[in-house]
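The structure appears below as structure tokens.
Values quoted throughout were computed directly from the atomic coordinates according to the rules given, and no laboratory measurement underlies them. These numbers come from a predicted model, not from an experiment. Virtual Cβ from ideal backbone geometry, glycine too; neighbours counted across all protein chains shown.
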Amino acid sequence: MTDHADLSALLQSRIRDVADYPEPGVMFKDITPLLADPKAFDALTEALADVAHRAGATKVVGLEARGFILGAPVAVRAGLGFIPVRKAGKLPGATLSQSYDLEYGSAEIEVHAEDLGAEDRVLVVDDVLATGGTAEASLQLIRRAGAEVAGLAVLMELGFLGGRARLEPALAGAPLEALLTV
Ligand SMILES: O=P(O)(O)OC[C@H]1O[C@H](OP(=O)(O)OP(=O)(O)O)[C@H](O)[C@@H]1O
Ligand SMILES: Nc1ncnc2[nH]cnc12
């Protein structure tokens with residue numbers, strides 16, 4: 001078990017800042033060095049699986065694409081099912097869709113309607129919370145599918161973009177846990 005300060009320092013040290021990517025003015029938080037470090041990746045998934053347990057989640061939703069990389073091992077580690085929320089047009093079955101804006105551009109996400117129901121308490125996992133548009137759309141999808149939101153867990157929150165405040169109504173009291181805030 002890694003203590004909180006050690007975990008924060010380890011994770012922070014493995015995130016690379018890339019200026020002006022994917023467009024001028026954006027400081028991109030690149031998690032690929034963290035993924036390449038087995039100790040850091042293991043500590044991250046352990047911390048997020050703890051969040052899933054504390055939230056009483058029954059399923060983990062991961063948000064394409066980086067939320068898949070984190071959410072899938074978290075689900076396995078927590079002993080929970082994993083549900084992919086994908087960009088529009090990628091899921092073959094009957095879907096629910098939701099459009100949203102993000103820090104750069106706009107997008108639409110979908111979930112298989114049959115994957116979530118009234119018996120589910122869902123933890124959403126992603127790498128970065130920026131404006132909150134992606135997470136907000138995912139919480140709307142979960143509610144529209146009839147499931148309960150257990151919480152949202154992210155590796156990193158970009159506090160200056162105000163995502164936490166934007167998400168308050170959609171979270172409706174469910175916890176938002178960010179392992180790092182910048
Ligand atoms: O809080 P927001 O402003 O919505 O931004 C956060 C989202 O943006 C990034 O995903 P992106 O859509 O770039 O897709 P990717 O994971 O496929 O790179 C990131 O992984 C989050 O999902
Ligand atoms: N600045 C950023 N870095 C990494 N992922 C992001 N998603 C939205 N904004 C981002």
At 4 °C and 1.567 mPa s, grab the translational diffusion coefficient of the stretch 4-181 from Stokes-Einstein with a Kirkwood Rh over Cα pairs, rounded to a whole number in µm² per second.
80
Calculate the FRET efficiency for A36 and A113 from the Cβ-Cβ distance with a Förster distance of 41 Å, rounded to the nearest 0.05.
0.70
Everything considered on the Cα gyration tensor (a ≥ b ≥ c; rounded for a/c under 1.5, else prolate if a/b is larger than b/c, else oblate), the stretch 23-93 must be described as oblate
Rank E119, E23, E168 by mean-square fluctuation in a GNM of the chain with C-alpha springs under 10 angstrom and give only the top-ranked residue.
E23
Rounded to the nearest Å, what's the spacing between the alpha carbon centres of the stretch 83-97 and the stretch 99-175? Just the number, please.
15
Counting Lys and Arg as +1 and Asp and Glu as -1, each charge on the Cβ, what is the dipole of the chain about the Cα centre in debye, to the nearest 20?
220
Can you give me the distance in nm between label points at T181 and D101, each placed 7 Å from the Cα along the Cα-to-Cβ direction?
2.5
Nearest 500 deg cm²/dmol is fine: what mean residue ellipticity at 222 nm does the chain get from its DSSP H runs of n ≥ 4 alone, each adding -39,500 (n - 2.57), divided by its residue count?
-11000 deg cm²/dmol
Would you check the stretch 4-181 for Lys pairs whose C-alpha atoms are within less than 23 Å, ignoring same-chain pairs closer than 8 in sequence, and give me the count?
4
